[in-house]
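Down below is the structure, laid out as structure tokens.
Values quoted throughout were computed directly from the atomic coordinates according to the rules given, and no laboratory measurement underlies them. These figures come from a predicted structure and were not determined experimentally. Glycine also receives a Cβ, built like all others from the backbone with ideal geometry; neighbour counts cover every protein chain displayed.
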Amino acid sequence: MQSPELSIRLHANENPFVVPANVWQEIQERLTNIELNRYPGQAMKAFYASLSAHLGYPAEMLLAGNGLEEIILLLLASLGRKGRVILPTPTFFVYKQVAAALGLSILELPLIEDSWQLDIPLILKEVGLEEGLIIICRPNNPTGNVFPREDVLRLLEETQLTVVVDEAYFGFCEETMIEDVARYDRLIVLRTFSKTFGLAGIRLGYMVANQNLVEVVHQVRPAFNLNALTLIVGCVALEQEQQLLARVPAIVEERERLATLLGRLPGVKVYPSETNFLLIKLPFPAQPLWQKLHEDGISVRLVGNEMPQFLRISVGLPTENDLLLAALAEQLNAGGQQE
């Protein structure tokens, strides 16, 4: 059966709300003044100044990129050969994908099963005092939980690793380590405009770190890695942060409603989440059910071969979530594994 046009997007952890009309109007007005025949040097300078004022860190401690994927690429290209790349798994697949493409040495260390917490004794045992890079997604994708700050600080204090904390989803729980950057020279914090701001389409992310680390990463950064349109939208977003973030409580409330209703489905286990998505475990392999949802125009995420019974579901609008729940209930009541 050929899949219809996917109409319900619950696979990419996108913010389901469109940009507010008055914010969009402000963006359009700013864009009319762009000189598209010029390189975006001035726009980059203005954005870094705005971001610096917003975060309270000097521009020399900031580096922005074309989405966090570019920042991850630049980090691994510049720092990844200093030692092994340590990945507590399961985690965001892009880390391993990029590290492998660069030919880096990768060490995957499992999270504690079911609680999905960092296995600190295992990490300390495996890495000792070697140098390297560990990437910690906090809150973690795909598990949705937040690792205790104390655990991450132990890695900074008891190892020689450079610790990258990916805070793509921090705004849904307000758990952040950005203030710790001032105290730890080997801490790098990543942020994105994609999730709580709801601006995935502009592809804008950034890192905050010690100036020496930023300078090393700058060496592999293309001179104009960001375009003027993205930078101007980024400046407007920082100015209109309060309005953009006003939608977050509704997403969190809907997440809890969705978690409750998913938990009532037969055989489904729902894991607690501090993000805009939920991880669920089915009583059977997820792929046939995922395929049936896909055919029905509902897109969710298969987690991977190592977790064959799991699905990751983004929190959509209530109407979208209700359609998903109805489709899941139908399949689960029918046995779920029939194709």
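List of remarks:
- Amide H contacts of Cys137 (H built 1.01 Å from N, in plane; Pro and chain starts excluded): Asp166 sit under 5 Å, all sequence-distant by 5 or more or on other chains.
- Residue by residue, the stretch 98-111 carries 3J(HN,Hα) couplings of 6, 4, 5, 4, 7, x, 7, 7, 10, 10, 9, 10, x, 5 Hz when phi is fed to the Karplus relation 6.51 cos²θ - 1.76 cosθ + 1.60 (θ = phi - 60°); x denotes Gly or Pro.
- Residue exposure proxy: Ser7, Ser314, Ser50, ordered by other Cβ atoms within 10 angstrom of their Cβ from fewest to most, comes out as Ser7, Ser50, Ser314.
- Alpha-carbon centroid distance for the pair the stretch 101-119 / the stretch 1-71, whole angstrom: 30 Å
- Using equal-weight Cα scatterers in the Debye expression, the normalised intensity of the stretch 1-91 in log10 at q = 0.17, 0.26 Å⁻¹ is -1.15, -1.29.
- Each residue of the stretch 37-45 was assigned a 3J(HN,Hα) from its phi angle through the Karplus curve 6.51 cos²θ - 1.76 cosθ + 1.60 (θ = phi - 60°); the sequence is 7, 9, 5, x, x, 5, 5, 5, 4 Hz, with glycine and proline shown as x.
- Derived scalar couplings ³J(HN,Hα) [the stretch 222-229; Karplus, 6.51 cos²θ - 1.76 cosθ + 1.60; whole Hz; x for Gly, Pro]: x, 4, 10, 7, 10, 8, 5, 5
- Part-to-part distance (alpha-carbon centres) for the stretch 124-152 and the stretch 201-243, which is given in Å: 24 Å
- The residue among Pro222, Val236, Pro142 whose Cα reaches farthest toward the positive pole of the charge dipole of the stretch 21-243, with charges on the beta-carbon of Lys, Arg, Asp and Glu, is Pro222.
- Beyond 32 Å in Cα-Cα separation lie the following of the pairs Lys125/Lys195; Lys96/Lys292; Lys45/Lys125; Lys82/Lys269; Lys96/Lys281: Lys125/Lys195; Lys45/Lys125; Lys82/Lys269.
- A cut-off under 9 angstrom between Cβ atoms defines the neighbours of Arg203, and their net charge, with Lys, Arg +1 and Asp, Glu -1, is -2.
- DSSP assigns beta bridges within the stretch 21-243; of those with both partners inside it, close to 35 percent run antiparallel.
- Sum of side-chain charges, Leu109 neighbourhood, beta-carbon under 10 Å (Lys, Arg +1; Asp, Glu -1): -2
- When the stretch 228-282 is described by a simple charge dipole with +1 on each Lys and Arg Cβ and -1 on each Asp and Glu Cβ, the residue from Ala246, Leu279, Leu265 located farthest towards its positive end is Leu265.
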